[in-house]
Amino acid sequence: MTPSSPGPAKTPQFAKLKLSPLSQSDACCESAACDAPQAAPEIAARLSWRVEGMDCAACARKVENAARQVPGVSQAQVLFATQKLLVNAPDEAREAVERAVNAAGYTLLDSRSPAVASSGWRDWLPVLVLAVLMLISWGLARINPSFGTLAFTATTLVGLWPVTRQAIRLMRSGSWFAIETLMSVAAIGALIIGATAEAAMVLLLFLIGEQLEGWAANRARKGVSALVALRPETAVRLRDGQRESVALETLRPGDVIEVAAGGRLPADGRLLSPCASFDESALTGESLPVERQQGEKVAAGATSVDRLVQLEVVSEPGDSAIDRILRLIEEAEARRAPIERFIDRFSRVYTPAIMLLALLVMTIPPLFLAAAWQEWIYKGLALLLIGCPCALVISTPAAITSGLAAASRRGALIKGGAALEIVGRVQQVAFDKTGTLTAGKPQVTAIIAEEGLEESALLAFAAAVEQGSTHPLAQAIIEEADRRRVAPLRAKAQRTLAGTGLEAEVEGRIVRLSAPDKLEIALPERWRQRISELEAQGQTVVAAVCEGELLGTLALRDTLRPDARDAVERLRKLGVQSVMLTGDNPRAAAAVAGELGMDYRASLLPGDKVAAVNELNRRAPLAMVGDGINDAPAMKAAAIGIAMGNGTDVALETADAALTHSRLTELPAIISLARATHRNIRQNVAIALGLKGVFLVTTLLGMTGLWLAVLADTGATVLVTANALRLLRKGR
């Protein structure tokens, strides 16, 4: 059937999206560590690889640092979401870059090679081994303290081996004070003063955190690869009247392909068949199938709803609508500076400063003041223990872990501490319409029958004509008839009227369903006025005609989520502004935005959404909430992307957070929780550094020694952990 349309259908204009090569201004990581020149000279090639072994966004900076050490490299940028390393350098530098990155502990593969699946439990093997050794050491310490000390020392050395080896690799590649260096210094310092159990525990917690971050990163990358799944691996090409199955890469502009009903388009094409309906929701966000006429363009990834169609290919291999969306995601990722963990940044100054201070305390008084070596070595060791970053290492992750756990209890999955911190800074929220603010499924909202005909009779005629159709509007009419328990009528001789609608013989009479503007009869003024009012409200109208006489109309609409209005109001109370970005037509968008009292922008393609998000994001931190593949680039361009739990795999995996129960009312609750977590982190850092500062002074004055130094470190750890656990109450 052909739904009425408030305006002409818009063909996705993905050909307008021109993505420029990685520029110096866009690609620069914008961190203090970036030493790329502001104006790069001309280069012979733009090299690319896929990087294996990155656990977090901080790893991206380490890979970039390693690549920049190679002579001839003028620019290095890691696109963390797609695991790509892009390097501006002559082609002969390829092997040198690969050697440099491999020496830093990461693996470079061909950018077109498939991702290697995680080995599962084997990734956790070092953590399990260290945990078992910790339990054995604890048991020995209960029986014999001396044996326990030796056991904890051996356990620490086992855990230190991979961490210290990676720290040395990173030092050689230019990352002198990475978090691996921080952990090595902390563990070795604890061993020196005999805090063997604490040294082993720090390493265990660090390894667990690394594995969890690696798991989350792998999950996020799977979402990008799901874009490719929108295209079939093969296509049916027509040549000299013969059908042949060919690989997607062999299609060229001008080829004629055939797509069966329910099949996806492998490439952008121009419709050769007289007319057809296509589900383009994955690309444009339009909730209802769009009718395309002969000669109109249809984007790759769209689904032919109800018939076999023929199209002429208009896109080059690797340049279809899906490919462009993927590049939009990468471009948005390239413009964002790599997210660095707080402890990794702080360690650049903290770790060398503590080591230098401890060394000065051990050597200056004996050398220049004739003080006793033993006394000042003792004070230096105590200072080193005070400087042990155990409390600092735990302070931020403890708060983040509690915040993430509380969020999960409320039905929100937030992918990491950086995402949680950004959620707390959000001052604007951009919503997609279909499937986010609305249910994403059309429903019958009004049945208006001609005088002398009951609503149930009109619905029975319409449902009979629609029987067997897979069109979403047809399904909505049939479901409404079932819900009202309308007695079914028999229909036969059903047929589709190209570009007009459907008709069938019902109870011996020909009944036709069509859009009002496709009717062959003139409508009375009162009916035209009613239909205009319904369409002005963003509703789709279907007219039923029997043998030249109007039976009535049915109005259908994608209805608001029950909690949408409440969620927008709660956001307003938090000082967060709301705006709707949608691919739907302006009248449908205006109707929904009017009910919610928010601003809106309509008829947006994926590239338009990215531009709108970038504009809004420049004013204040913006969260983008959506559920479709078309929302994925905008989610990446926003300060934070939030997906609905009932959305597509790509939206869920591309986003930094997801509302797993699809309850919009949890969004303001999560923003409040994120703000509380950020306050908790500041409190924890103040506790950890404050206690260390106090004991630093008392140790130098000789008022405290090793035992109180241990208490300063472990006491601060206990305090920051207890403070972080308070966040769990907010998840109830």
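Nothing in this text is a laboratory measurement; each read-out follows from the coordinates by a stated rule. All values derive from a computational prediction rather than experimental measurement. Every residue, glycine as well, gets a Cβ built from its backbone with ideal geometry; the counts of neighbours run over all protein chains shown.
Here r is the Cβ-Cβ distance between residue 158 and residue 367 and R0 is 35 Å; the resulting FRET efficiency, rounded to 0.05, is 0.40. By the count of neighbouring beta-carbon atoms within 10 Å, fewest first, 64, 249, 258, 451 end up ordered 451, 249, 258, 64. Per-residue extension of 0.36 nm, minus the Cα-Cα distance of residue 165 and residue 566, leaves a gain of 139.0 nm for this segment. Residues in the range 513-524 carry Karplus couplings, in order, of 10, 7, 5, x, 7, 9, 6, 8, 10, 7, 8, x Hz; the curve used is 6.51 cos²θ - 1.76 cosθ + 1.60 with θ = phi - 60°, and Gly or Pro positions show x. Stokes-Einstein diffusion of the range 231-320 at 37 °C, 0.692 mPa s viscosity, Kirkwood radius from Cα pairs, rounded to a whole number: 258 µm²/s. For the residue pairs 415/692; 84/609; 433/492, the C-alpha atoms sit more than 28 angstrom apart in 415/692; 433/492. For residue 208 and residue 519, the difference between the fully extended length at 0.36 nm per residue and the C-alpha to C-alpha distance is 105.3 nm. Cα centroid separation, the range 576-631 to the range 501-566: 29 Å.
A simple spin-label model places the labels of residue 149 and residue 494 8.5 nm from each other, with each point 7 Å out along Cα-to-Cβ.
With θ taken as phi - 60° and the Karplus curve 6.51 cos²θ - 1.76 cosθ + 1.60 applied, the whole-hertz 3J(HN,Hα) list for the range 472-484 is x, 5, 4, 4, 5, 5, 5, 5, 5, 5, 5, 5, 8 Hz, x standing for glycine and proline.
Here the range 252-276 and the range 413-449 have alpha carbon centers that stand 32 Å from each other.
Placing R0 at 51 angstrom, the Cβ-Cβ distance between residue 443 and residue 686 gives a FRET efficiency of 0.45 after rounding to 0.05. Once the C-beta distance of residue 103 and residue 293 is scaled by a Förster radius of 51 Å, the resulting FRET efficiency is 0.30 to the nearest 0.05. Taking Cβ atoms as reference points and 10 Å as the exclusive limit, the residues near residue 402 contribute a net charge of +3, counting Lys and Arg as +1 and Asp and Glu as -1. Quick check on the range 441-560: take the gyration tensor over C-alpha atoms, sort the square-rooted eigenvalues as a ≥ b ≥ c, and tell me if it's rounded (a/c under 1.5), prolate or oblate. Here the range 441-560 falls in the rounded category.
A Cβ-based charge dipole, computed about the Cα centre of the range 581-638 with Lys and Arg at +1 and Asp and Glu at -1, lands at about 200 debye.
Here the gap between residue 505 and residue 234, fully extended at 0.36 nm per residue and compared with their Cα-Cα distance, gives a gain of 93.6 nm. Using a simple spin-label model with pseudo-atoms 7 Å out from Cα toward Cβ, residue 559 and residue 308 lie 4.0 nm apart.
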